[in-house]
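*Asks:* Mind having a look at this structure? Questions to follow.
The values are calculated or read from the model by the stated rules, or taken from the named source; none is laboratory data. The structure presented is a predicted model; accordingly, all values stated were derived computationally and were not measured. Here the Cβ positions follow ideal geometry from the backbone for every residue, glycine too, while neighbour counts run over all protein chains shown. The accessibility values were calculated without ligands, DNA or RNA, using every heavy atom of the protein model including side chains. Shrake-Rupley method; radii C 1.70, N 1.55, O 1.52, S 1.80 Å.
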Amino acid sequence: SSSSSSSSPFIWFDLFSINQHQHLSSPLKAFSSSFAQTKRIVLVLSWLRPLPLARSWCLFELLLAARGGRKLEIAMSKGEEETLWEQLPLEFYMEMIREIDVEASESSDDEDKRRILALVKDEAQGIAGVNRLVQESLRSWLVQSAEERILRAEVGDDVERKMKLADIYRVQGKLEAAEELYREMHSRSKEQGVEDDVTKEIVRKLAIVQVALAKYEEAEPLLQTFRNRLGDGWGDEELSLESMNGLADYYFSQGRLEEAEPVLKKCIARGEGEEEDRVLALSHKLNLASLHVIQGREEEAETVYQDCVDSSRKALGEQHGITRRGVNALAALYEKQGKFKVAELLVQDSMNKLQAAGGNDHPDMVRGLRCLASLYQSQERYEEAEPLLL
């Protein structure tokens, strides 16, 4: 437009606006103020060689756009665009987006990267929060564009299109909509007596969605089918940790311990890989040890309990609920096994640690005294037990 008013559209090329090869006093401030005037950002990207997703400046611009609520669009060659949509479902691209990490990014000027990292570390959730914001921005564009393209399509296989649309809904967290489509395709396949690879994939994904929706009774026959066919590789890696936990609890409540055990172990492995999930992983360890006790596998239970107590003490401290649960459960197991002296030493040591940590008023001090009293009673040491119960 020839108009000079502030509402005139403009195109801003960062390389021409700010010389990235000069040490400006505040280049990030210049970037921020420029982005404040934009309405949308266009990222020119080759999905086959996505260099911008590994560059510090590009990720910083994406952060500013996402933080300011600017609309993101991605431009690519016609050939790459066709390749992108032919590759649906989008797991390959989702994995690429999950690997974005501003801390591992590169810059032609080390000082630029240092300044960018210094700035993003001051963000509310630090680098991890910045990564999530950038990733979510790209993920939203990808799934929204895929959904629009599928809904516009007027030709092609109906099952394939619905499968792709259900996959998109699942990625977006629209689980009820995804379930409805998977269920529709599953019913149609059963009516037609079809059992090919596509049908099997529909059954697998329907089961995964139903578990995520906590519809365990509906999902169970489908899960059993896939365990028989694929063993442990039925697709539980696509479930959230919370969904896996729910599935384990369901099996546990049904008394199906052999089925609960591998799910619990996967919850532990996945939780230990993420710092924010480690408390949940330790809780799963306690549940696994309890499962072993019920199964009569007490030596294994003792090992798991001890490992959980040691890990929880180191990561969370003596006063944390997970540590306390672990100590109490391990002491109860020792008492059950007749290892009274070992149990007594464990409880006394734990109470000493609580006191040293300033935990004189901690509820577990009372529980510890009662636990000691129980141990003394089991050994007929009634005179020692009596004052602890008063």
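*Asks:* Is it fair to say residue 383 is in a helix (DSSP H, G or I), open to solvent by 40 Å² or more (accessible area, probe 1.4 Å), out of contact with any Gly (no Cβ under 9 Å at 6 or more places or on another chain) and modelled with pLDDT under 90?
*Replies:* yes
*Asks:* Give the residue that is nearest to the chain's Cα centre (by Cα), with candidates limited to residues of the stretch 337-390 that are under 22 Å from residue 309 (Cβ atoms) and among the polar types (S, T, N, Q).
*Replies:* 350
*Asks:* Turning to a different aspect of this structure: Which condition from (1) closer than 22 Å to residue 279 by Cβ; (2) of a type in the set (Ser, Thr, Tyr); (3) touching a residue at least 40 places away in the same chain (Cβ under 8 Å) is the one that residue 350 breaks?
*Replies:* Residue 350 satisfies every listed condition except (3).
*Asks:* Filtering the stretch 221-254 down to residues that are under 19 Å from residue 286 (Cβ atoms) and open to solvent by 50 Å² or more (accessible area, probe 1.4 Å), which residue is modelled with the lowest pLDDT?
*Replies:* So, considering only residues that are under 19 Å from residue 286 (Cβ atoms) and open to solvent by 50 Å² or more (accessible area, probe 1.4 Å), the one modelled with the lowest pLDDT is 242.
*Asks:* Inspect the stretch 78-95 for any residue being open to solvent by 60 Å² or more (accessible area, probe 1.4 Å), over 22 Å from residue 147 (Cβ atoms) and more than 22 Å from the chain's Cα centre (by Cα) and give the result as yes or no.
*Replies:* Within the stretch 78-95, not a single residue is open to solvent by 60 Å² or more (accessible area, probe 1.4 Å), over 22 Å from residue 147 (Cβ atoms) and more than 22 Å from the chain's Cα centre (by Cα).
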